[in-house]
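Report on one structure; see the data block that follows.
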Amino acid sequence: MTRPTDGADGEPRPIRVLVVEDDPVAADAHQLYVGRVPGFEVAGVAHSRVEAGRLLERTDIDLILLDLYLPDGHGLHLLRSLRAAGHHADVIAVTSARDLTVVREGVSLGVVQYVLKPFAFATLRDRLSRYAEFRAAAGEASGQDEVDRALGALRAPQPASLPKGLSGPTLESVTRALRDAREGLTATEAAAGLGISRITARRYLEHLVGAGQAGRSPQYGQVGRPELQYRWIVSTR
């Protein structure tokens, strides 16, 4: 796919994005996230491989946010068929898949970025901004340094370290449990479900609150002091 052409006012047109995600809640969140990033617009949302194929046949798409686990086939199967049909849209895989063999295959098919679920708005915003910078590069490079800078735009920065005592795998487990709990979780409930102590669960839940990914409110109606109820929220950071 070529770079976006200038609009009538001389400004580059937005990068048109197709969101492919079978979970309606996640699809809505991804659509909201994309809409908040300047220079991007959602051109369509598909909940299956077949639906995505139909949208791509009739809609001009620059970038696909692609979930790899679709109800009617793997996302890379969709991508492979698109390439065979001559579609050249770039792809950011938005997925829980961690198999590096799948990652390598995705790269060979044009996946330019991977965003692992769960994630906050700031993570996707960073990836989209880097993609826009990479896409904006044009003309002939003056040398190796310029080529390296263009490709370097796609590389994510080193992740910020977690506070002392918190681990990535446990944070991921707590995050997933909170996202899956429609009514929210208390620290006691999270601890029981994950096999960790209540104090540990509370530390991770508070970390998510501080990161803008969770909210909390007192849970009344029980004997003794009210316990805090934590709920996953759509981050606006």
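Of note:
- Å² of accessible area per residue within the range 50-104, as computed with a 1.4 Å probe and no ligands counted: 47
- For the set His87, His30, solvent exposure ranked by accessible area (probe 1.4 Å, protein chains only) runs largest to smallest as His87, His30.
- Accessible area, probe 1.4 Å, largest first, for residues Arg83, Arg54: Arg54, Arg83
- His74 exposes around 50 Å² of accessible area when a 1.4 Å probe is run over every protein chain in place.
- Accessible surface of the range 22-126 [probe 1.4 Å, protein heavy atoms]: carbon and sulfur percent: 53
- Other residues with beta-carbon under 13 Å from the beta-carbon of Ile92 carry, at +1 per Lys or Arg and -1 per Asp or Glu, a net charge of 0.
- Taken one residue at a time, the phi angles of the range 45-50 give Karplus couplings (6.51, -1.76, 1.60, θ = phi - 60°) of 10, 10, 10, 7, 5, 5 Hz. Gly and Pro are set to x.
- Computed from label points 7 Å out along Cα-Cβ, the spacing between Val103 and Lys117 is 1.9 nm.
The values are calculated or read from the model by the stated rules, or taken from the named source; none is laboratory data. From a predicted model like this one, the values you see are computed outputs, not experimental measurements. When we count neighbours, we look across all protein chains shown, and the Cβ atoms used for this are built from the backbone with ideal geometry, even at glycine. Each accessible area value is taken on the protein alone, full model and side chains, heavy atoms only, with ligands, DNA and RNA left out. Shrake-Rupley method; radii C 1.70, N 1.55, O 1.52, S 1.80 Å.
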